[in-house]
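Novice: Take this structure first; my questions come after.
The values are calculated or read from the model by the stated rules, or taken from the named source; none is laboratory data. Here the structure is a predicted model, which is why all the values come from computation and not from measurement. Here Cβ is always computed from backbone atoms with ideal geometry, including for glycine, and neighbour counts include all displayed protein chains.
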Amino acid sequence: MSVTVVIGTQWGDEGKGKAIDYLARDADFVARYNGGNNAGHTIVNPFGTFKIHLVPSGIFYPRTRCLLGGGMVIDPAVLIEEMNALRAAGVKLDKRVFISPRAHLIMPYHKILDGLYEEAKGAGATGTTRRGIGPTFADKVSYNGLRWSDFADAELFASKLRVQLGIKNKIIAGLGGATLQFEKIEAEYHEYYATLKPFITELFPIVQNGLRAKKKFLLEQAMGTNLDTDWGTYPFVTASTTLASAATAGLGIPPREITRIVGVTKAYTTRVGAGPLPTEIMDEASDAARALREVAATTGRTRRGGWFDVEPVRFAAQLNGASELFLTKLDILSQFDEIQVCTGYQLNGKRVRYFDLNAYQLAQVKPTFRTLRGWRTDISAARKYSDLPPRARQYVETIEKLVGVPVRWVSVGPEREATIRR
C-alpha cells in the first residue's frame, strides 16, 4: 500500500494536473480532498486537451477510480458539465467516480455574495475567482452549509434552503443585489441531485478497504501551499486548507498512511489575482514579462509572472514534508540568455525569510537574485536527463540544492510523454 499526496509549492498553477496525469498510471485511486472549481488543472493526453476543475485528474486511466472528498465544495452545474465533456471524449465514468455525501454544495447565493463582497471591499478586494468558494466554506464552518446528504430527506433540504435564503437575501439586498426565489433554486438543485445521485456514496469504507487491501492512492491538492488559509499570504489566500495533512479531514486518510509527498514546482513563478509576488517582472513590455505571463485555466485571467523564488518553495516543501519535486515548464525558459533565481529577501536592509513576513511585508521585500546563463535550445523533445543541455541541468540542480529537495521529474512540455524521470 502507498499513499502519495501531490501538492503545489507556490501559489497554485504549478502544473499539478500534468503531474497527476503522469503519476496516475500506477494508481488504483486518485482523489481530490480540498477546494472546489476555483482550481483548474490543464491536461494534455491521448484523449485531447482538458481543463479539469472538479473530477480528479486520474480519470483518464480506465482502471483508476476517482474520489471527490468531503473536504471539497461542489458546484453541481460545473461538475455535470465537466462529466458530460469527459463522456463526449470517450472517458467512462460509471462505477469510477464517487462523490462524498459530506461535500458541501455551492449555491447561487454563494456566487452572488462572493462578487458583492469583492465589490464592497473596493481597493482592498482579495481577488477571488467569484465562484462562491469562500462563502460556501464560511457557511460550512458557521453551521449554515448544505451537503449532498441533505437530499436524503426532501423536507429537510427544503427547510434548510428556506432558512438560508431568508438569511442570504437580507445580506444580498443590503449590498445592493437582486434577491433569489426559493422555488427556482429548489427545483434546479433537485435536478442536479437526480443526475449525480448514482455517483454519491460514502467514501469512508472505500478508502479504508482500499488501505487494507494495500491499494495505491494518489491524492490531488487544489491550489497551492502558499494559498492555505492558515499558512498562506493571508488574506490573499483560498478558503480551504491546502496542505498534505488536509487529506485526513478532507478524505479520511489517516496521517500515518501517507507515505510520499510530491511537491510540484514551476520553473518560474506566477500568481493570479491579488497578493504579493516578490519576483514579479513589473515591466509588462519586456520579453520576460510576456514569456512568463499565462492565462488561468479556470477564470481566463492573466497570471502575473516572475522569476523562480526559492523562499516560498522551500517553505512549502518543509511545511508539507515533501520528499521530491516535480519541476514543470522548464521548456518555457529556453528562450532566455540569462535566467534569474531569487535566493532570498531583504527588508529594511536586513535578511528575512518568507515565514517571517505577513502578506503586506512580503510585498515590500527586495529579492536577492542569482543570475544563471540560459541554454537557448529547444528542449521539448528531451526524454532523458542527459538529453538536456548542461546549462538546463545546472538550472535544475541549482533549484534542488536551494530548496533542499531532489527534483525527480522534469516536465519539458504539456504532453504526458514530455516528462523526464531522473
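Novice: For the structure I just gave you, tell me whether residue 29 is surrounded by fewer than 24 Cβ atoms within 10 Å (Cβ to Cβ) and touching a Cys at 6+ places or on another chain (Cβ under 8 Å).
Specialist: So residue 29 does not fit the description; no.
Novice: While we're on this one: Specify the residue that is modelled with the lowest pLDDT; the eligible residues are those in the range 118-153 that are of a type in the set (Lys, Arg) and not in a loop (DSSP other than H, G, I, E, B).
Specialist: 121
Novice: If you don't mind, there's one more thing I want to ask. How many of the residues making up the range 259-276 are at negative phi and not in a strand (DSSP E or B)?
Specialist: So the count comes out to 6.
Novice: Give the residue that is surrounded by the fewest Cβ atoms within 10 Å (Cβ to Cβ), with candidates limited to residues of the range 32-56 that are among the polar types (S, T, N, Q) and within 21 Å of residue 135 (Cα to Cα).
Specialist: Restricting to residues being among the polar types (S, T, N, Q) and within 21 Å of residue 135 (Cα to Cα), the top hit is 37.
Novice: Could you figure out which of (1) farther than 29 Å from residue 135 by Cβ; (2) of a type outside the set (Phe, Trp, Tyr); (3) free of Cβ contacts under 8 Å to residues at least 40 places away in the same chain isn't true of residue 59?
Specialist: In the conditions (1) farther than 29 Å from residue 135 by Cβ; (2) of a type outside the set (Phe, Trp, Tyr); (3) free of Cβ contacts under 8 Å to residues at least 40 places away in the same chain, residue 59 misses (1) alone.
Novice: For the range 140-168, name all the residues that are farther than 20 Å from residue 36 by Cβ and among the polar types (S, T, N, Q).
Specialist: Answer for the range 140-168, where residues must be farther than 20 Å from residue 36 by Cβ and among the polar types (S, T, N, Q): just 159.
Novice: Residues of the range 187-207 being of a type outside the set (Ser, Thr, Tyr), crowded, with 16+ Cβ neighbours inside 10 Å and in a helix (DSSP H, G or I), which ones?
Specialist: 196, 199, 206, 207, listed by residue number.
Novice: When only residues in the range 335-357 that are polar (S, T, N, Q) and modelled with pLDDT of 95 or more count, which is surrounded by the most Cβ atoms within 10 Å (Cβ to Cβ)?
Specialist: 340
Novice: Additional query: Enumerate the pairs (first residue in the range 93-118 and basic (Lys, Arg); second residue anywhere and at pLDDT below 95) with beta-carbon separation below 7 Å, excluding pairs fewer than 6 apart on the same chain, so at least 6 apart or on different chains.
Specialist: Final answer for the pair search is 111/130; 111/131; 111/132.
Novice: Within the range 280-334, restricting attention to residues that are among the charged types (D, E, K, R) and at pLDDT 95 or above, which residue is farthest from the chain's Cα centre (by Cα)?
Specialist: The extreme case among them is 331.
Novice: Kindly indicate which of 410, 396, 405 is assigned to a strand (DSSP E or B), at pLDDT 95 or above and β-branched (Val, Ile, Thr).
Specialist: Being assigned to a strand (DSSP E or B), at pLDDT 95 or above and β-branched (Val, Ile, Thr) holds for just one of 410, 396, 405, which is 410.
Novice: Checking residue 250 against (1) closer than 22 Å to residue 38 by Cα; (2) at pLDDT below 95, which test does it fail?
Specialist: Here residue 250 clears every test but (2).
Novice: Among the residues of the range 80-117 satisfying the criterion of being of a type in the set (Phe, Trp, Tyr) and modelled with pLDDT of 95 or more, which is farthest from residue 35 (Cα to Cα)?
Specialist: Checked the range 80-117; the qualifying residue farthest from residue 35 (Cα to Cα) is 109.
Novice: Something else now. Taking only pairs six or more apart or across chains, which ones have beta-carbon atoms under 7 Å, a first residue in the range 153-179 that is over 23 Å from residue 115 (Cβ atoms), and a second residue that is crowded, with 18+ Cβ neighbours inside 10 Å and aromatic (Phe, Trp, Tyr)?
Specialist: That search, which allows pairs on different chains as well, returns 157/151.
Novice: Hey, among the residues in the range 218-231 that are more than 29 Å from residue 64 (Cα to Cα) and free of Cβ contacts under 8 Å to residues at least 40 places away in the same chain, which one's surrounded by the most Cβ atoms within 10 Å (Cβ to Cβ)?
Specialist: Among those that are more than 29 Å from residue 64 (Cα to Cα) and free of Cβ contacts under 8 Å to residues at least 40 places away in the same chain, it is 229.
Novice: Any residue at all in the range 361-368 that is among the β-branched types (Val, Ile, Thr) and under 19 Å from residue 265 (Cα atoms)?
Specialist: Taking every residue of the range 361-368 in turn, none turns out to be among the β-branched types (Val, Ile, Thr) and under 19 Å from residue 265 (Cα atoms).
Novice: Something else now. State whether one or more residues within the range 143-153 are within 30 Å of residue 94 (Cβ to Cβ), in the same structural domain as residue 108 (by TED's automatic domain parsing), surrounded by fewer than 13 Cβ atoms within 10 Å (Cβ to Cβ) and not hydrophobic (A, V, I, L, M, F, W, C).
Specialist: Yes, there is a match, as at least one residue in the range 143-153 is within 30 Å of residue 94 (Cβ to Cβ), in the same structural domain as residue 108 (by TED's automatic domain parsing), surrounded by fewer than 13 Cβ atoms within 10 Å (Cβ to Cβ) and not hydrophobic (A, V, I, L, M, F, W, C).
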